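Presented below is the structure to which this report refers.
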Amino acid sequence: MTRPPAALVVAAPAKVNLFLHVTGRRADGYHTLETAFALIDWCDTIELTRRDDGAIVRARDLPAIAEADDLTLRAARALKSASGSPYGVTIDVEKRIPLGAGLGGGSADAASVLLALNRLWSLARPRAELAAIGATLGADVPFFIGAGPALARGIGDVLTPLSMPTCWLALAIPPVHVSTQAIFASLQLTRAAASTKINVFSEGYGRNDLEAIAVSGFPAVAGAVDALRRSSPNARMTGSGGCAFAAFASERDARRAMAAIPPNIAGRVVRTLARHPLADFA
């Protein structure tokens, strides 16, 4: 039997929502959604070192992430509680994905911790069980535990794999932190978008129902969307904001779109991923 590693270094890729429709609101306050998730090759890096004392600690403080709010620690504790593992872990996160941009960095980190600890602690838990644990941490976490692009319904937890061509994205990332909770609580939010019955989508399909609210509250988000629409009529915000993106068939076209982004807004060109880097971990 192969001895499990004492430490692992894993990637946690960000995502974009190719579209995001709010289809309703449940009695418990959660919103029902319809969205297409695509992974991108912009990743946080997480180093996990197994501990024999059962403690779960982070190696260093992270700017703007209090220890009580750290999803990597919460993920590790949830898995330890569910599995009864005697082990602990030291978690060291190198953050690259910006906070509050709608790119899912916190959920991505939590999912990669669950997948990595499943191997580091020799648990051999099925991916579905990890996804169920992930759902208690955040609605996006089950997607990141999956193997690749997906259509999500329900509160984001009913996932159907999607096949999509690789494309290049120009990202415009304004220097603002948009609160997901505040966006969904807005009285301006339309909560009755019709649900589609198809699983194959044409280029530029749909919209982001959260965009109008973010744009009205954050002029920098409006500037990011408008800048990319000079190059693509289908440019839109991802998630609850404030990052905007436009999709292109070539890297050259994506980089050309970056020229339209104002200097006060960060830009980045990324590529979509067909598979999660940890697709074979569970």
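So the values come out like this:
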item	result
Principal-axis tilt of helix 105-120 within the chain, Cα atoms, nearest 10 degrees	30
Neighbour-limited loop hits for chymotrypsin sites (Phe, Trp or Tyr not before Pro), segment 205-257 (at most 15 other Cβ within 10 Å; DSSP other than H, G, I, E, B)	Tyr205
For Arg236, net neighbour charge (Lys/Arg +1, Asp/Glu -1) across residues whose Cβ lies under 10 Å away	+1
Protection proxy ranking of 88-96, 27-35, 139-147 - average other beta-carbon atoms within 10 Å, highest first	139-147, 88-96, 27-35
Among Ala12, Ala254, Ala244, residue whose mean-square fluctuation peaks in a GNM of the chain (springs only between Cα atoms under 10 Å)	Ala254
Total charge dipole magnitude, the chain, about the Cα centre, Cβ charges on Lys, Arg, Asp, Glu only, Debye to nearest 20	400
Shape parameters for segment 47-176, alpha-carbon atoms, Rg then Dmax in Å	15.4, 46
Fraction of alpha-carbon pairs over 26 Å apart in the chain - percent	42
Sites Ala124 and Ala27 - FRET efficiency at Förster radius 51 Å, r taken between beta-carbons, to 0.05	0.85
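Read-outs: derived from the displayed coordinates by stated rules, not from any lab. Nothing here was measured: the structure is a model prediction, and the numbers come from that model. In this analysis, Cβ positions are derived from the backbone assuming ideal geometry, glycine residues included, and neighbour counts consider all displayed protein chains.
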